[in-house]
1. Around C:Val85, what is the net charge, scoring Lys/Arg as +1 and Asp/Glu as -1 over all other residues with Cβ under 10 Å from its Cβ?
2. Please find, in a Gaussian network model of chain C (springs between Cα atoms separated by less than 10 Å), the residue of C:Arg143, C:Arg200, C:Arg236 whose mean-square fluctuation is greatest.
3. Mind giving me the FRET efficiency for A:Ser330 and A:Asp80? R0 is 22 Å, r the Cβ-Cβ distance, nearest 0.05 is fine.
4. Using only the alpha-carbon atoms of chain D as identical scatterers, what base-10 log of I(q)/I(0) does the Debye formula give at q = 0.10, 0.11 Å⁻¹?
5. With charges set only on the Cβ (+1 for Lys and Arg, -1 for Asp and Glu), what does the dipole of the protein assembly as shown come to about its Cα centre, in debye to the nearest 20?
6. Provide a whole-number value for the mean count of partner chain Cβ atoms within 10 Å of the Cβ atoms in peptide A:211-224.
7. With no solvent and one point on each alpha carbon, what is the Debye value of log10 I(q)/I(0) for the range C:2-63 at q = 0.18, 0.25 Å⁻¹?
8. Give the distance, in whole Å, between the Cα centre of the range B:254-291 and the Cα centre of the range C:1-34.
There are 4 protein chains.
Amino acid sequence: MVIILKKSHDKAQLDSLISWLKSKNFECHLSSGTSQTILGLIGDTSVLDIDLLKAMDIVGDVKRILEPYKNVNRRFHPDDTVIEVGGSKIGGGNFGVMAGPCSVESAEQIIGIAEKVKAAGANFLRGGAYKPRSSPYSFQGLRDKGIEMLLEAKKATGLPIVTEIMDISQLQYFDDIDVIQVGTRNMQNFELLKELGKCRKPILLKRGMSATLEELLMSAEYISAGGNTEIILCERGIRTFEPATRNTLDISAVPLLKKLSHLPVIVDPSHATGKASLVKSMCLAAAASGADGLMIEVHNDPAHAWSDGQQSLTPDEFKSTMDAVKHIWSFCFDALKEKSN
Amino acid sequence: MVIILKKSHDKAQLDSLISWLKSKNFECHLSSGTSQTILGLIGDTSVLDIDLLKAMDIVGDVKRILEPYKNVNRRFHPDDTVIEVGGSKIGGGNFGVMAGPCSVESAEQIIGIAEKVKAAGANFLRGGAYKPRSSPYSFQGLRDKGIEMLLEAKKATGLPIVTEIMDISQLQYFDDIDVIQVGTRNMQNFELLKELGKCRKPILLKRGMSATLEELLMSAEYISAGGNTEIILCERGIRTFEPATRNTLDISAVPLLKKLSHLPVIVDPSHATGKASLVKSMCLAAAASGADGLMIEVHNDPAHAWSDGQQSLTPDEFKSTMDAVKHIWSFCFDALKEKSN
Amino acid sequence: MVIILKKSHDKAQLDSLISWLKSKNFECHLSSGTSQTILGLIGDTSVLDIDLLKAMDIVGDVKRILEPYKNVNRRFHPDDTVIEVGGSKIGGGNFGVMAGPCSVESAEQIIGIAEKVKAAGANFLRGGAYKPRSSPYSFQGLRDKGIEMLLEAKKATGLPIVTEIMDISQLQYFDDIDVIQVGTRNMQNFELLKELGKCRKPILLKRGMSATLEELLMSAEYISAGGNTEIILCERGIRTFEPATRNTLDISAVPLLKKLSHLPVIVDPSHATGKASLVKSMCLAAAASGADGLMIEVHNDPAHAWSDGQQSLTPDEFKSTMDAVKHIWSFCFDALKEKSN
Amino acid sequence: MVIILKKSHDKAQLDSLISWLKSKNFECHLSSGTSQTILGLIGDTSVLDIDLLKAMDIVGDVKRILEPYKNVNRRFHPDDTVIEVGGSKIGGGNFGVMAGPCSVESAEQIIGIAEKVKAAGANFLRGGAYKPRSSPYSFQGLRDKGIEMLLEAKKATGLPIVTEIMDISQLQYFDDIDVIQVGTRNMQNFELLKELGKCRKPILLKRGMSATLEELLMSAEYISAGGNTEIILCERGIRTFEPATRNTLDISAVPLLKKLSHLPVIVDPSHATGKASLVKSMCLAAAASGADGLMIEVHNDPAHAWSDGQQSLTPDEFKSTMDAVKHIWSFCFDALKEKSN
C-alpha cells in the first residue's frame, strides 16, 4: 500500500501516523521529493481500512497494491479448488454443467427436464423455486413447494440440485439442496453471505450485475471468512450502455478470475444475453476461454415457460450445444495451460 | 403495449394469441403491412408478463408504452405524497434534511452530533447501526447496540431517526425507529421489500447503484403493493466508467422521478461523490433541481470516523451548507413549478 | 414505427400528421383506447427523422420497430459479404488474421515481424503509422514514413496491409494500403466516413468504445451510402465500470452483428483487454463465437515496444495462439450454422 | 509515480531500470519488503510513457500519483482563466450563456432567435452549421452557408458566435467565428486538436460521451500544447445504463474540473438530458454547482426544428430559465468559494 501525503503535511502528524502504522506491524518507507512525499507500507494491508486512511488530514490519496482478499486469493493458495457433490465435480480440470428451467412449475415438468438434460450431458439440475422478479405482479416462484419438486427430480435422476436462496429465513428448506445459489441481486447481501459462511455445502455465487471482479471476490471472502471454502464463482453478464442484450457477457472475467483466485469459475449465458439465439455461441466462447462449467436455462416448452422463456433452450438445442461444447472444451483448457504468464 | 409479430407468423397462432388476450380483457388492434404486422394492446398491461409474450413463437418483439407500476405512478395519483413523522415533513413543498454520521460509534458521539445537526437545521437524524461493508474485515457496525444509542439521541433531541436495515431478522429492533432505510445493495432484496410493505412506517428506498429509474419505482411498487405507501426515494449516485468520484450523481433523476411518481425524492451527495469537498456544491445542485430533501453525512471528527470519514462534513461545514441550501431552495422549487410541461 | 400520441391530442393536429405521413407514402393504422392512442406506421421509416416526430406537440413517444440502416442490413441482403484483397479473404467462411505491432518503429522491425506472423498463419499485416495517443507528449507514430515501411514489408512478404487513418488529409498516403482502418475514436467522425465512402477499397471499422451496435452499423451505413460496400466490422472492447481490463470485450456482439448485418465481423482482443496474458483465451473465445477473423498485436520485443507493449504477444505466443485457434474455428463455425433461429 | 516490481524480479534488470530512470532525471526510492518491492519516482512523470513501463519484464504494475497534464493543471496555474471575446466573458466570476438553435435553418430564423436570446440574457449565440448526425439520411446542416448566416446574425445583434467544426478542412470558413466548438464525438480527434492548438481564438471543448475527466483534460492539453490556452470545458452528459435520459448529466464534473484545472467549465443540459422539460431544472443545478456558464438550445418553433427539437426551449421558456438562473448564480458562486478544502 502506498500513502500519498498532502503537499503541506504536518511533521508531527506524519510521525504520529508512522508510529501508529508501526504499532500495527507495518514496515514504513518514506520517499520525500520536492513536489510530493509518499509512504510505502509493507505488511498485511487487507486488515487496514483504506477509507479511514484516506480521511486523515495529512493524506492526499491511498493506493492499494495487494488485493484486499486473502482466503480466495490464488497468490496464497496456488492450487485449483475442486468442488465435488453427489459424484459431480467442478474445477481443476472438471467441467460442470448445470441445466434446467428458470422456474420449477410442477413435479412432472422438472422431472421431465431433469431426465432430458441428464441425457444430454448435464451433471447438475438447476431450477428456480424462490424467484427474484422485478415486478411484484409477476410470478414469484413455487417457493418451498418448488424445493420439494426439485428433490423429487433429484431422487428420480440422481442429479445434484442447484437452486437460489433469497433470504436467510428460507435456509430451513435447503437441507437437502446440494448447491445454494446466491443471485446477482444478493451478491452484496452481506448478512446472507455471513450465514452461508456457516453452512458446509457449496455456494454458487453470481456476480452482481454491476459488481467489479474485486467486489465479487470480496463477497466470496465473506463466505470463506465464515469457514465455508466451497465456492463457485459465476459470470452472468454485467450492466452496460448496450441495449441489444439484457446484459453484456464479460468473457474476460473468466481468465482473470481464474488468475486472481483458485475458485472454479462458470458462465451463465442465458442471463448474460437474455436471448436463446445467442446461448450456443456464448457457451462455446465460455468453454474456449477456459471456464470450469456452464449454467444454462433449458425448458421443454420455452414459449409457455412461466418466466424467462425467451432465453431458454429446448432440450434438443441443449443437446446440440453440449455436443459442440464437449468437442472443444478439453482441447482449449489444455491449450491455455501451455502458456505461462 | 405493442406486439411486433415475426414476418412468418402462423395465422392460427395469431388467432389463438388474440383470443387469449381478449380473455384477459385487452382490446387488440391489428395493423398488417407488407413488411411487418403489429398488434396494439389496450388495457392494464402492468399485469402482463412481458417476458412470456416475448418468448412466444410468433412474437418478434414487445414494446411497452405505459409504465409497469401503478401505485407509485403520478399518472394515477397526481398529488404529491407528503410524509410526516415526529413533526418533520418531506414532500409537497416541505424540505427534509437527514444528517448524521455514517456509523454510530457511541452514545456520546451520536447525541453530540444530533445536537449539532439539529441546531444547523436538520430535521432527521441519520446514523448507521447495521453497516454493509464490502470487506468482512471492516467494522460491521454496532448493530442492535447502535439502535439503542440512536434512540437515546432521539430522546435527547427530539429528532426522528433514520437508519438502515440489512435483513428481515433485524426488523425486531426497529420498533421505535421512525424511518427505515433500504440501502443501495438491497434495493432489489424483494423478500425484504415485501416485509417492509407490511410495516406502517415510512421507508427510505435508496436507488441501487446500477438500477434504472424504472427499477427503482418497481421496488417502490413492491413496498406499496403490501399496503405501505409511505416511501421516500433517494438518488445516491450510480456506477459509471468515471473513476474520479465513487459514483456519479444522476441529478436529472430528481425532476424525472418527480414527474413519474408522486413520492418525495431526496439526494445523498455524500455517497454519490465519496468526497467531502464536493458535498456542498452537490447539495446546492440538488436543492436547485427541485429535490424534496437531502441526506448528508456529518461527523464531529471525520479523520477518526470508523467508516467513510472522507465523505463526511464537520458540523461547521454542515451549518454553512445548510445556510446556503436554505437560501435557494424555496426560490428554485417555486421557479420550477411555474413551467408547465 | 409506432407513434404514441399524448392523451390530450388535438384532432386537427392528428389529421394533419396523418396526411403528412401519407404524403410520404406511409400507411397509417390508428388504434384508439380509453387510456392511449397509438399510430402504427408501415413503410421505409429509415428516412424519417425520429427526433422531429418526437418534438411534435401531439406526440408522446416514438418507438422504432425496423432498424434504421438498410445497405448493411441482413434483412435485405441475406448473403454474407466476402472481402478479398491481395489473395486474402474475410467473411463467408473465410477466417482472416491481421497481426503486427501497435506502432511501426523501423523498416527492419516491421519486415521482421511481418515474416514471423506470416509464418505463423496471419494473412494480413497490421501496423500503426498514425497513432492516436491520449497524451500529446506520447509518441505519435512515424506517420507517412511509417506508411512507406509498411509498403516495404508488403513487398517483402506479400501480406496485404491494414493501417489506421486519423484524418482526411492523410488519405493521399493510403493509395497502396490494402485495408484502411477507422479507429475507435473516429467511428463517428462522419466527415471521414463520407470520404471513405468514395474510396474503392475495404474499410476496417472499429466499434467506438461506447458505441451501441446500432451506432456501429449506422457508421457502416455512412460508408456504404457513399458507394463503398467493402466494410469489415471490428469489436474491440467497450467502456464499462470494470477497472481490471482496459475495456470489456463484448463477445456477444459477434453473433449479434452477424445476425443484424451481412458484413464480416472480427475481434481485437489486444485492445479489448489491454493485457497480453488474456489475449490467447480471448482469441479462442472469439473464434468459438463465430467471428470471421482476429486482429492481434504482435511485437518482437514487447518490453521495448514504443507503444502498447503490455498487450502485445511475442511471435512465439502468436504462433501458439494461431495453432489453437485454427484447431477449433471451423468446427465452431459449422456448429453454429446448424442452429436455425 | 510508483512502480511495483514483480516478486521474482532480476537484480540486474532492476539496476538497469534505475539507471535509465536516473538518466532521465528522476529520483528513485526503493522500498523492499518480504512480499513486495516498490520503486517511488520523483520528477516530471507526465513525459514518461506509462504503458512502456508496464510492459517491462520486471514490472508488475505502475501507479500514477501526479496528473499527466501540465498546462491545464490548476496545481501549476492557480488562477482562474478568464476568456473574453467580443465583450463577452467566461470564467473567474463571469457567467457566460451560449444559446441558440441546434441547426441554423435560414438567415431569418437565426437572426430572429439571436435577438430573442440576447434580450433574455444570452451573451453568445450558438447554432449548428456542420451537424454530426448518426444517420447518413438525416439533415447534415447547411455547412458553409450556415456559417454565413451565423455571421449575419452576429452583425445584427453583436453576439459573438460559437459553432462546431467537424473536420480540419472546414477551418477555412471559421475566420470570423468567435469560439470554435469541438463536439463530443471529436474530443479525441487528435489531428483536429493539434490544428486548433495553432489557432488564436477560444475553443469550446465538449467532453466525449464516455470520456473520463482525465481524458477531457488531456485533450485540452493537446490544444494548449500547441500554444492555444483559451479553452472552455463543457460537461454535456455521459453515456450510462440509464435509458430515461439521452445521457446522464455528470453534475459533479463541474466542481471537480474546476478543482483540477484553471479553465472555465460550462454545462450543456440540452444534450445531457435530451428533454426540454428537464432543461430548466438542470440549468439551475448547474448554476448552483458553480459552473461558469451554460450552453442551451433555443428554437422559435421546436416542434418544427430540423434537428433535436425535442430538447429545445422556446424563447419564453429560455427567458424564464435565465431569470431563475441569474437569481441564484452569484450567491452560489460566492457560497462555494467560502469553503476551503
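Read the figures in this text as sums done on the coordinates, not as results from a lab. Values in this document were obtained by computation on a predicted structure and should not be read as measured data. Methodologically, a virtual Cβ is constructed for each residue, glycine included, from the backbone with ideal geometry; neighbour enumeration extends over all protein chains shown.
1. Within the 10 Å Cβ shell, the charges total -1.
2. Taking springs between Cα atoms under 10 Å, the residue moving most is C:Arg200.
3. 0.90
4. -0.63, -0.74
5. 0 debye
6. 3
7. -0.58, -1.18
8. What the calculation gives is 38 Å, centre to centre.
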